[in-house]
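K.L.:
Okay, here's the structure, questions in a sec.
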Amino acid sequence: MPDFCGIELKHPVINASGTFDAIAARRVYGDALLVDFPFAAFVSKTITPEPRVGNEPQRIWETSAGMINSIGLPNKGLEGFLAEDLPRLAELPVPLVVSVMATGHDEFARLVRGAGERDEVAAIELNVSCPNVHSGLIVGEQPAETESLLEVLRPLTEKPLIVKLTPNVANPADVAVAAEEGGADAVSLINTLKASAIDPASGEPGIAAGHGGLSGPAVRPVAIAQLRAVAAAVSVPIVGMGGISSGADAVEMLSAGASLVAVGTENFRDPRAGARVAGEIARALRVGRGGAPIGNPA
């Protein structure tokens, strides 16, 4: 069984934040979901300090090899999440990772304190894709900003902190190193690539916001390249994601240096994708590698 930041997992497959609604799935499948849950750990939708309704439609645009989304992080805010969603997510049979995002150190600190003090939470993922309100800089695009944020947050909790890296920078490895130096326990990559599309029927942008984030098979080669660079630069465990549709895709990421992999867009096509990919990984290792371990030690 993989051990990730001291958290024991049944297999190396988790979900990417926001791509699997466990609460909605429980309403559909009932307790059968708990008996055969598709992921080894569950990552929540990203939580912000205050509630958000998300962006106006149209928020998703299908491409030939994935999709563009500009959902806008709709969520109930920290207090709503702790009161309403956390008790339900705590019933899942796997460790819970809470994803959080804010626009400044103080708001991030509020989120980390709020989630970190709850026994139901195993780890916290920091989505560092918003600008710092004090500097105007995107935290996850500036190594100094990333390290500064981690130095503030690290003393606030003993729970593992996972920094989710953006691919939309010249050198993600520099940001990963800064996260590690600031005290991050792990990093995850990649998030979505900046993208846009035009609706051929109207000639207008296919996404109401004008642009969004590309995910799915199209981004996997980018994810592999960035994963290899980050793995060569840091010693902390890495969660690899970006276009994983099969066990073969996952094995490629593990071979590139990931300790775990996260399935995202594929969940929209196949709600059982996590379990399927985990089974395919196990079979690939038995057949192709004789069961030899791959990836970075966690």
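Here, each number is a calculation from the coordinates, and none is a lab measurement. Computed from a predicted structure; not experimentally measured. Note that we place each Cβ from the backbone using ideal geometry, even for glycine, and neighbour counts take in every protein chain shown.
K.L.:
Gain in length, Glu62 to Arg283, computed as 0.36 nm per residue apart minus the alpha-carbon separation, to one decimal in nm? Walk me through the numbers on the way to the answer.
P.N.:
Working: separation 221, 0.36 × 221 = 79.56 nm, distance 3.12 nm.
Result: 76.4 nm gained on full extension.
K.L.:
Right, another one. Mind running the shape call on the chain? Use the C-alpha gyration tensor, a ≥ b ≥ c as the square roots of the eigenvalues: rounded below 1.5 for a/c, prolate if a/b tops b/c, oblate otherwise.
P.N.:
Numbers: a/c = 1.16, a/b = 1.07, b/c = 1.08.
Rounded, because the longest to shortest axis ratio a/c is under 1.5.
K.L.:
Just how large is the dipole of the chain about the Cα centre, in debye to the nearest 20, putting +1 at every Lys and Arg Cβ and -1 at every Asp and Glu Cβ? Display every interim value, and only then the final one.
P.N.:
On the way: 23 positive and 34 negative charges, 156 e Å.
My answer is approximately 760 debye.
K.L.:
Once the piece of chain linking Arg154 and Glu84 is laid out straight, how much longer is it, given 0.36 nm per residue of separation minus the C-alpha distance between them? Don't skip to the answer; put the middle values down first.
P.N.:
Details: separation 70, 0.36 × 70 = 25.20 nm, distance 2.66 nm.
22.5 nm is the gain from fully extending Arg154 to Glu84.
K.L.:
By its C-alpha gyration tensor, with a ≥ b ≥ c as the square roots of the eigenvalues, how is the range 134-174 shaped: rounded for a/c under 1.5, else prolate for a/b larger than b/c, else oblate?
P.N.:
Numbers: a/c = 2.67, a/b = 1.52, b/c = 1.76.
Here the range 134-174 falls in the oblate category.
K.L.:
Among 254-265, 168-179, 151-162, what's the highest-first ranking by average C-beta atoms within 10 angstrom per residue? Mind showing how you got there, number by number?
P.N.:
Values: 254-265: 24.8, 168-179: 19.9, 151-162: 17.8.
Taking the mean over residues of other Cβ atoms within 10 Å, the ranking is 254-265, 168-179, 151-162.
K.L.:
Here's something else I'd like to know. With a cap of 16 neighbouring Cβ atoms within 10 Å, and only residues DSSP puts in a loop, list the GluC sites (Glu not before Pro) found in the range 54-135. Could you put the intermediate results ahead of the total?
P.N.:
On the way: sites: Glu62, Glu79, Glu84, Glu91, Glu107, Glu117, Glu120, Glu125; in loops: Glu91, Glu117, Glu120.
For GluC sites (Glu not before Pro) across the range 54-135 that sit outside H, G, I, E and B with at most 16 neighbouring Cβ atoms in 10 Å, the list reads Glu91, Glu117, Glu120.
K.L.:
Pull out a ≥ b ≥ c, the square roots of the eigenvalues of the alpha-carbon gyration tensor of the range 49-164, then state rounded if a/c is under 1.5, prolate if not and a/b is larger than b/c, and oblate in the remaining case. Please report the intermediate quantities before stating the final value.
P.N.:
Values: a/c = 1.68, a/b = 1.10, b/c = 1.53.
Judged from the Cα gyration tensor, the range 49-164 comes out oblate (a/c at least 1.5, b/c at or above a/b).
K.L.:
Quote to one decimal, in nm, the extra length available between Ile23 and Glu8 on full extension: 0.36 nm per residue of separation minus the C-alpha distance between them. Can you show the working numbers first?
P.N.:
Working: separation 15, 0.36 × 15 = 5.40 nm, distance 2.30 nm.
That works out to 3.1 nm of additional length.
K.L.:
A follow-up question, please. Output the peptides 241-249, 209-217 sorted from most to least packed, where packing is the average of other Cβ atoms within 10 Å over each peptide's residues. List each step's numbers first, then the result.
P.N.:
Values: 241-249: 23.2, 209-217: 19.9.
Listed from highest to lowest mean packing, they are 241-249, 209-217.
K.L.:
Shifting gears a bit: DSSP beta bridges in the chain, what fraction antiparallel, as a percent rounded to 5? Working shown, then result.
P.N.:
Numbers: 15 of 39 bridges.
Bridges in the chain that DSSP calls antiparallel: roughly 40 percent.
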